[in-house]
1. Going through B:R26, B:R63 one at a time, which residue ends up being at the interface with another protein chain (Cβ under 9 Å from one of its Cβ atoms), over 30 Å from B:I322 (Cα atoms) and under 28 Å from the mean Cα position of the chain (by Cα)?
2. Looking at segment B:143-188 only, could you name the residues that are within 12 Å of chain A (Cβ to nearest Cβ), among the polar types (S, T, N, Q) and not in a helix (DSSP H, G or I)?
3. Using the structure shown, decide if B:A88 is more than 13 Å from every other protein chain (Cβ to nearest Cβ), surrounded by fewer than 22 Cβ atoms within 10 Å (Cβ to Cβ) and either touching a Lys or Arg at 6+ places or on another chain (Cβ under 6 Å) or hydrophobic (A, V, I, L, M, F, W, C) (or both).
4. Name the one entry in A:R84, A:R44 that is of a type outside the set (V, I, T), surrounded by 15 or more Cβ atoms within 10 Å (Cβ to Cβ) and away from chain B (no Cβ under 14 Å).
5. Which of the residues that make up segment B:10-19 are under 27 Å from B:R175 (Cα atoms) and either at the interface with chain A (Cβ under 9 Å from one of its Cβ atoms) or in contact (Cβ under 8 Å) with a residue 60 or more places away in the chain (or both)?
6. Please return the ranges of helices (runs of 4 or more DSSP H) entirely within segment B:3-108 where 2 or more residues are touching a helix residue (DSSP H, G or I) at 6+ places or on another chain (Cβ under 9 Å).
7. Select, from A:V73, A:V34, the only residue that is at pLDDT 95 or above, of a type in the set (V, I, T) and surrounded by 15 or more Cβ atoms within 10 Å (Cβ to Cβ).
8. Only one residue in B:I255, B:I227, B:I235 is away from chain A (no Cβ under 14 Å), in contact with an Asp or Glu (Cβ under 6 Å, 6 or more places away or on another chain), of a type in the set (A, V, I, L, M, F, W, C) and crowded, with 21+ Cβ neighbours inside 10 Å, so which one is that?
Amino acid sequence: MSEKWTGLDPTSGPLERRDERVLRPRPESLDGHVIGLVANGLGRGEELLDRVYHGIAERTGASGAVRVLKPGVSVPPEPADWARLTSEATVAITGFGG
Amino acid sequence: MARAALQADRHEYGSYDELLEDYFERGWTDGLPIVAPTPEKVAAFLDAAGLEASEVIGEVPTREVVVTAEQAAANAVMAGCRAEYMPAVVAALRAHLHEKGNCHSTTGTLSGAAQAVILNGPVRSELGIACGAACFGPGFRANATIGRALRLVIRNVCRAIPGVLDRASFSTPARYQFCFGEDEEDSSWRPMHVERGFAPEDSTVTVASVMNMVSAVDFHSRAPEGICDSILGVILSRFVATDRWLGDGTNLVLIVGPEHRRFFDRAGWSKDDIRSYLWPRFHKDGKKSIGLGRPEGLLIVAAGGDGMGESWLLFPHLAWAITEKIV
C-alpha cells in the first residue's frame with residue numbers, strides 16, 4: 001500500500017524574487033555628479049571617504065558631496081538620510097571595515 | 001482547527017524518503033533530516049500556541065521578510081519539536097526579531113555569530129530543558145529542537161542561507177542549535193528573568209547573539225575575587241561589540257558553573273556583587289575598556305554541571321539580548 005505525504009513549504013518564498021526596482025546604469029563619467037558618502041562609523045571612515053571624494057573631485061569635476069553617517073555599523077541610514085541621499089546625490093560611495 | 005487557514009504551498013510525495021530528499025534538494029534543511037511539516041502537524045502546533053496561521057511574529061525590514069506563525073510552526077515541526085514547545089519557539093522568535101536584536105546583522109555577519117536561547121521559569125521543568133550537566137551539548141530534545149527551530153526560521157524564512165544572506169567566513173556549530181536553561185533550582189541567585197523585570201513564576205526566553213564563546217577556567221581560586229579575576233582576564237582579552245545605535249544596551253552573558261558558584265555562595269555573593277566587583281575593573285585610566293554601557297548589561301546565568309571549575313562567556317555580536325515572556 002502506498003502512503004501519501006503532504007509537506008508544506010516552510011519558506012517565505014523563492015530566493016529569486018521579481019523586483020520592479022532596477023539599478024540605474026553606471027555613469028560614464030562623474031563630471032557634474034553629486035556624490036553620496038555613506039560612512040558606517042568605524043574608525044576614521046568619514047575622513048577616508050572625504051579624502052576619496054576630494055580625489056575624485058579633482059580628477060573628474062564632481063560637483064558636490066552628500067555626507068551621511070549611519071547610526072551604527074550594522075544598520076541602514078536613518079530615513080531622513082536616505083531621503084537626502086536619494087534626492088540630492090546622483091552616485092554614492094560606501095565603506096566597509098571591521 | 002487552524003488547518004483550514006494554512007497558506008503555504010503544498011507538495012505531494014509518495015513516501016517520507018521522497019519528501020526528505022526533495023527538502024534537502026530545495027535547500028530547506030540545515031543539512032540534517034527533518035520531520036515532515038504536514039498540514040496536520042503544523043495546524044496542531046498553531047493550536048498549541050493559540051495562534052492563527054497568518055499572525056505576524058515579526059519582521060526583517062532590510063530583507064522585506066515577514067515571519068508568520070504558520071512559517072514558525074512549519075519550521076518547528078521540521079526541527080523535531082513537540083507541539084507544546086511551540087510557545088517557547090514563538091517567544092524566541094519574537095526576541096530574535098526585536099529591533100535591537102538586530103537579526104539582519106547577527107545572521108548575515110562575516111563573523112558567523114550564533115543565537116543563544118536561554119530559558120527561565122517553570123517552562124524549563126515543563127518541557128524538560130537541560131540546565132545542568134552538558135546543557136550546551138546534545139542529548140536533550142527540548143534544547144536541541146527549540147534552538148534548531150529558531151535557526152530553521154532564520155534560514156528558511158529570514159533567508160540567512162550560506163552564500164546568500166549568511167556571509168559567514170567560517171560559521172559555527174552553534175548555528176545548528178544553541179539552547180539551554182538557567183539552573184534556578186541549584187542556585188541561590190535571582191534568576192536572570194527576575195533580574196530583567198519578570199516575575200519568578202513567568203516563563204521567558206532570552207535570545208543573545210554570540211560572536212564567540214570562551215570558557216573562564218579556574219581550578220585554583222577558593223574565593224569570589226579570584227574567580228572574578230579569572231573571568232575578568234577572559235573578558236579583557238576580547239571585546240564587546242557595540243556602536244552608537246546600540247547605545248548602552250549591549251549585553252555580555254556570563255554563565256557560572258556550579259564549581260564556581262559554590263565559592264560565591266559560601267561568601268554570600270549575589271549576581272550584583274559580581275557586577276560590583278567587575279564593573280570598575282572594566283575601566284582603565286578612567287576609560288571603559290569594553291563596550292558594555294551599564295553594570296546590568298552583564299547578564300549572569302547559573303548553569304552547567306559539577307566537576308569542572310569553569311564558567312563561560314558569550315560575547316555578543318551587534319545586538320542586545322532580548323527577553324520575551326512565553327505566553
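The values are calculated or read from the model by the stated rules, or taken from the named source; none is laboratory data. Source: prediction; values computed, not measured. Note: ideal-geometry Cβ built from the backbone for every residue, glycine included; neighbour counts use all protein chains shown.
1. Details: B:R63 fails: over 30 Å from B:I322 (Cα atoms).
The conditions single out B:R26.
2. B:S169
3. Working: more than 13 Å from every other protein chain (Cβ to nearest Cβ): yes; surrounded by fewer than 22 Cβ atoms within 10 Å (Cβ to Cβ): no; either touching a Lys or Arg at 6+ places or on another chain (Cβ under 6 Å) or hydrophobic (A, V, I, L, M, F, W, C) (or both): yes.
Spelling it out, it is not the case that B:A88 is more than 13 Å from every other protein chain (Cβ to nearest Cβ), surrounded by fewer than 22 Cβ atoms within 10 Å (Cβ to Cβ) and either touching a Lys or Arg at 6+ places or on another chain (Cβ under 6 Å) or hydrophobic (A, V, I, L, M, F, W, C) (or both).
4. Result: A:R84 is the single residue among A:R84, A:R44 that is of a type outside the set (V, I, T), surrounded by 15 or more Cβ atoms within 10 Å (Cβ to Cβ) and away from chain B (no Cβ under 14 Å).
5. Within segment B:10-19, B:Y16, B:E18, B:L19 meet the criteria.
6. On the way: elements: B:16-25, B:39-49, B:69-79, B:86-96, B:103-108.
Correct list: B:39-49, B:69-79, B:86-96, B:103-108.
7. Details: A:V73 fails: at pLDDT 95 or above.
So the residue among A:V73, A:V34 that is at pLDDT 95 or above, of a type in the set (V, I, T) and surrounded by 15 or more Cβ atoms within 10 Å (Cβ to Cβ) is A:V34.
8. On the way: B:I255 fails: in contact with an Asp or Glu (Cβ under 6 Å, 6 or more places away or on another chain); B:I235 fails: in contact with an Asp or Glu (Cβ under 6 Å, 6 or more places away or on another chain).
Residue meeting the stated conditions: B:I227.
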